[in-house]
Amino acid sequence: MATSFMAVHRAGNTMLATTLFKGRLPIFRSSVLANAKVFPFLSPNLSSRCLSTYAAAAPNNFQRHPSAPPPPPPPPPPHSYGPRTFPQDHRNPNHWSPQNQHQRPPPPYDHRPPSPIGDNPPAPPPGPADLLALAREGKLKEVVGLLSQGICPDPPTFFDLVAACSDPKHLEELKRIYESFFRSPFRADLQINNKLLEMFSKCGSMVDARRVFDRMPDRTMDSWHLMIDGYAANNMGDDGLQMYEQMRKIGVMPNGRTFLSVLSACASAEAIEEGFIHFESMSKEYGIPPQIEHYIGLIEVLGKSGHLNEALDFIKKLPFEPPVAVWEVMMNLARAQGDIDLEDRAGELMVSMDPTKTVASKIPTPPAKRRSGLNMLEGRNMLAEYRLPPKIEKKVVKEQVYVPDTRYVLHDIDQEAKEQALLYHSERLAIAYGLISTPARTPLRIIKNLRICGDCHNAIKIMSRIVGRELIVRDNKRFHHFKDGKCSCGDYW
């Protein structure tokens, strides 16, 4: 037999229940249990219905009010952003398990978008203004790197980027810019295409200029003039004359500017007969009266071919009095051909007509300091400086087809030392390094800050025939394209 007592105390929102169970214990009697009293910690106002005594042992069966049904369990979360729960788990999702007492509970889910990392917003991608700034600073490699990442400039930016590649050492960057331009939606822009023709001509790559010309959907007279002038400037006058014939075949009518380019190409190719034929066709076929510039162009055709006396006879037969520009051109031609008497005579006539045209060489000036030869090898982006080494005792074996021309050695040394000095000219050393460090059968480009001497000019012609490669040398006067033992300048520079 067992007896159960339960005392319930309601105070606010708290509930205290005390239950005593009595079983078969020898130390307690039923009389003692019948006279049990409530302990002083219970409230004296406790209602008698809250304290019940049962004669038999019974569990705690306290029932809620029948009008208040128990609340249903909380529904599962609609999404899986919060703590993961299962249907059989009716615990509070916000409850922190006792085994994680030493850890900080996770923060509640925040529906706001995450803030960017760091206090500063991300930098905007580079635009056309950034490309122009890099180009003006000469950082064309960085410009090419940005273009390879997919940045597409607008047409004015493309025009300025192409114009920044006027130096021959920027030929590779100009090629990359053209590739990006050709993939852009502006590839039909006429002004940019004409600028590409001009820059490729200045860099000495007429192959690339012709490729741009062939891809152009539209052409103007300026496009044809740029191509003919480019061939003439690179000592490819024959190609320039072929370009003129192609222009005539498709029905493009030449003008006075066209014939200036044609005469320049004739001078480059030393085509005297063709020069006179085109000069006469101006007025007979196209009705274009020759101007002073056309007469000067024909004088250059005669003078660059070495016919200085014929050029003087042509000047005497001019239908007008020769102006200062005619004698200035004649003086320069005589100087290039080594005719000192004719140079002095033409210079005196020029100064008598215009005293401001005083020849600089006639003015006494202090001697210039000797400069070291600087050469840059294209493709390696290296700038090398070569100085004359000390005399080497080892005797150099002479080639059967090459005879050193010691007239270009101005030092007061013996003949053997002069021959050795010629072997160490900077352009020869640059070509030798390029031949062993670049792929075979590829063009080799050399840029020189001084004028190439006649002995090196002959030696490089022989080199181009032996190695079977095109050697392009740019000195401070012009481009020299050496191929198969010949130079594009026709041994005139």
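The values are calculated or read from the model by the stated rules, or taken from the named source; none is laboratory data. As the structure is a prediction and not an experimental result, all values here were calculated from the model. Glycine gets a Cβ as well: all are built from the backbone with ideal geometry, and neighbour counts include every protein chain shown. Quick note on the areas: whole protein, heavy atoms, side chains included, nothing else; ligands and nucleic acids left out. Shrake-Rupley method; radii C 1.70, N 1.55, O 1.52, S 1.80 Å.
List the aspartates and glutamates whose alpha-carbon lies under 15 Å from that of LYS461, not counting same-chain residues fewer than 8 positions away?
Excluding near neighbours in sequence, the set is GLU399, ASP405, GLU427, GLU470, ASP484, ASP491.
What is the Cα radius of gyration of region 407-493 over 2.2 N^0.38 Å, N being its residue count? Show your work: numbers first, answer last.
Values: Rg = 13.0 Å, N = 87, 2.2 N^0.38 = 12.0 Å.
It is 1.09.
Hey, can you find the accessible area per residue of region 431-486 for me, probe 1.4 Å, expressed in square angstrom?
Values: 2550 Å² over 56 residues.
Result: 46 Å² per residue.
At 7 Å along the Cα-to-beta-carbon direction for both LYS483 and LEU450, put a label point, then send me their distance in nm to one decimal.
2.9
State the dimensionless ratio Rg/Rh of region 446-493 (Rg: radius of gyration of Cα atoms; Rh: Kirkwood radius).
Details: Rg = 9.6 Å, Rh = 10.4 Å.
We get a ratio of 0.92 for region 446-493.
Rounded to the nearest whole Å², what accessible area per residue is found for region 181-295 with the 1.4 Å probe? Numbers along the way, then the final one.
Working: 5330 Å² over 115 residues.
With the other protein chains kept in place, region 181-295 gives 46 Å² per residue.
Taking all protein chains in place and a 1.4 Å probe, what share, in percent, of the accessible surface of region 232-327 do carbon and sulfur account for? Please list the in-between numbers first.
Details: 2330 of 4590 Å².
Carbon plus sulfur share of accessible area: 51 percent.
Which entries of LYS448/LYS486; LYS418/LYS477; LYS317/LYS483; LYS202/LYS483; LYS249/LYS448 show an alpha-carbon separation above 30 angstrom in the structure shown? The partial results should precede the final answer.
On the way: LYS448/LYS486 19 Å; LYS418/LYS477 25 Å; LYS317/LYS483 39 Å; LYS202/LYS483 20 Å; LYS249/LYS448 39 Å.
Pairs exceeding the cut-off: LYS317/LYS483; LYS249/LYS448.
Dimensions of region 129-237 along principal axes (Cα, Å, largest first)?
39, 28, 17
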